[in-house]
Amino acid sequence: MARNLDPNSARPATLAIHGGERPDPATGASSPNIVMSSTYVTDRPEGFSASELTEDSPFVYGRWGNPTVRALEEKMALLEGAEACACYGSGMAAASAILLSLLSSGDHVILPDVCYAGIAELGRDTLPRFGISVTKVNTSRAEDVAAAMRPETKLVFLDTPCNPLIRLTDIAEIARIARGNGALVAVDNTFASPIGTNPLSLGADLVMHSLTKYVGGHGDAIGGCVCASAELIRKLTIEATVHYGGVMSPFNAWLIARGAATLPLRMRAHQENALALGEFLESHPKIESVLYPGLPSHPQHNLAAMQMNNFSGMMSFRVKGDGRSTAEAVAANLKIAHYAVSLGHQRTLVCYMPTDDLLASSFLLNTEQESDYRRFAGEGVFRLSVGLEHVQDLMADLDAVL
Ligand SMILES: *Cc1c(COP(=O)(O)O)cnc(C)c1O
């Protein structure tokens, strides 16, 4: 923390820069050093069990904690308004930290019917092997979540806006339902970023990010984090950090913290470009429909305006005619945007997500869920992560390939 920063009064733009960071006491360096050491010299003999770790334990060993990673954890906790944060080697490591540390054999978890594919597949293939039962629910319908609750439901996991439908879930409403049933709520906040939504302030118990996306923001570092109460993070630290061991490298923490400093500024620019590009696409003769929470045409625009302080840069669109052949032309002929997976970078990224393929691989949905999915996505959507290039250059790039 900068010498006089008061985290309670400083605003996100200030916290993003100064949160977790202090001038180096040894050298006066204004920018943070990277601490790469894997082990630490201690003044007295320290214990060897993770359960002895406390918040003010000295650094002992790199898997238990690292000063550069700790600084990013403090920054993310401040940006999410959380007591504590734990960083992991990837967004998936953060998701599995939540699901495997908080659930046991005999427990039940509610997962979104449509969410990040890795999490959908973890819920389908891995959790049941450990005796954890999973119900997939379209969480945009609160009544479906309420109907799926059981006495042994320990966790409701949400992803909003969700991939690739840009469908929203009302976090406050689901949190009320879950609390009434004694279940925790975790939110994958990757698409909204902490600048768009702070799920803990809406009643969620845990929030996770793939830091690979908006927070790192430059497409050069994989990482993840979970923000929650100190008590929940302590549980995750003992199990996932120390025992499963999927920790973040100090170098990646340094890169991601450097990216995070400009997150508030970038999110404003992502939103501005996305709004302009969304309007351009909506009026384009080759475009069937556009899904962007910031546009009045989004079926949940009112919820988006209530729940999101920034609409982010993620949108999906459908083209008229055959999506697959358009995708081939788009991939072959784009001059600026990259045809690539991932999102949240300074560069615009676009990829095609064919409905039949996704429904057959990652999402195995029931009939009603499948028809909801097709209503949003048709035969397939282009997922567009609007970057920070000049918006007129992006319009020309897309116009030329559509
Ligand atoms: C990318 C992503 C993940 C997984 O993060 P990795 O850093 O790739 O492991 C999880 N959830 C969402 C919404 C994502 O976009």
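General observations
- GluC sites (Glu not before Pro) within the stretch 298-391, DSSP loop, no more than 14 other Cβ atoms inside 10 Å: 379
- Positive-pole candidate from 264, 342, 381, dipole of the stretch 264-401, charges at beta carbon: 264
- An ellipsoid equivalent to the stretch 135-213, defined through the eigenvalues of its Cα gyration tensor, has semi-axes of 21, 13, 10 Å when rounded to whole angstrom and sorted largest first.
- Electrostatic dipole magnitude of the chain [Cβ: Lys, Arg +1; Asp, Glu -1; Cα centre; debye, to 20]: 260
- Net charge dipole, the stretch 148-195: roughly 140 debye, given to the nearest 20, about the Cα centre with Cβ charges of +1 for Lys and Arg and -1 for Asp and Glu.
- Accessible area in the full protein assembly, largest first, 1.4 Å probe, for 336, 119: 336, 119
- The chain - share of DSSP beta bridges that are antiparallel (%, nearest 5): 60
- HN-Hα J in Hz across the stretch 199-214 - Karplus 6.51, -1.76, 1.60, θ = phi - 60°, x for Gly and Pro: x, 5, 6, 9, x, 6, 9, 9, 9, 10, 10, 7, 6, 4, 9, 4
- Rg(Cα) / (2.2 N^0.38 Å) computed for the stretch 104-147, rounded to two decimals: 1.15
- Close amide H partners of residue 84, meaning residues 5 or more places away or on another chain with modelled amide H under 5 Å apart, are 228, 230.
- Multiplying the residue separation of residue 235 and residue 34 by 0.36 nm and removing their Cα-Cα distance gives an extension gain of 69.7 nm.
- Largest mean-square fluctuation among 129, 347, 63, in a Gaussian network model of the chain whose springs join Cα atoms under 10 Å apart, belongs to 129.
- Given charges at Cβ of Lys, Arg, Asp, Glu: the chain dipole, positive-most of 23, 278, 90: 23
- Under 5 Å from the amide H of residue 187 lie the amide H atoms of 158, 206, 207, 208, each residue being 5 or more positions distant or on a separate chain, with H modelled from the backbone and absent for Pro and chain starts.
- Lys, Arg +1 and Asp, Glu -1 on Cβ, resulting dipole of the stretch 264-401 about Cα centre, debye, nearest 20: 280
- If you plug the beta carbon distance of residue 301 and residue 328 into 1/(1 + (r/R0)^6) with R0 = 41 Å, you get a FRET efficiency near 0.80.
- Between the listed residues 114, 38, 64, the Cα displaced farthest toward the positive end of the dipole of the chain, a dipole computed from Cβ unit charges relative to the Cα centre, is found at 38.
- Accessible area in the full protein assembly, largest first, 1.4 Å probe, for 374, 22, 266: 22, 374, 266
- Candidate lysines - alpha carbon under 26 Å from residue 75, same-chain residues fewer than 8 apart omitted: 213, 235
- Of every Cα-Cα pair in the stretch 5-87, the percent that sits beyond 19 Å: 46
- Overall form of the stretch 28-172 per C-alpha gyration tensor (a/c, 1.5; a/b vs b/c): prolate
- Annotation: the chain has a Kirkwood hydrodynamic radius of 21.8 angstrom, from the mean reciprocal C-alpha pair distance.
- A 1.4 Å probe run over the protein chains yields, for the stretch 52-106, 37 Å² of accessible area per residue, whole-number rounding.
- Gaussian network model of the chain, Cα within-10 Å springs - most flexible of 252, 33, 138: 33
- On the chain, 52 percent of the accessible area sits on carbon and sulfur atoms, based on a 1.4 Å probe.
- Gaussian network model of the chain, springs between alpha carbon atoms under 10 Å - residue of 98, 34, 233 with greatest fluctuation: 34
- Converting the Cα gyration tensor eigenvalues of the stretch 305-402 into ellipsoid dimensions via √(5λ) gives semi-axes, longest first, of 25, 18, 11 Å.
- Dividing the helix sum by the residues of the chain, where each DSSP H run of 4 or more adds -39500 (n - 2.57), gives a mean residue ellipticity at 222 nm of -10500 deg cm²/dmol.
- Debye log10 I(q)/I(0) for the stretch 200-316, one point scatterer per Cα, at q = 0.09, 0.19 Å⁻¹: -0.35, -1.09
- Sequence-distant residues sharing a close amide H with residue 288 (under 5 Å, placed H): 318, 319, 320
The values are calculated or read from the model by the stated rules, or taken from the named source; none is laboratory data. Please read all numbers here as calculations on a predicted model, not as lab measurements. Reconstructed Cβ throughout: ideal geometry from the backbone, glycine too, with neighbour counts over all protein chains shown. Remember, those area values only see protein heavy atoms, side chains included, never the ligands or the DNA or RNA. Shrake-Rupley method; radii C 1.70, N 1.55, O 1.52, S 1.80 Å.
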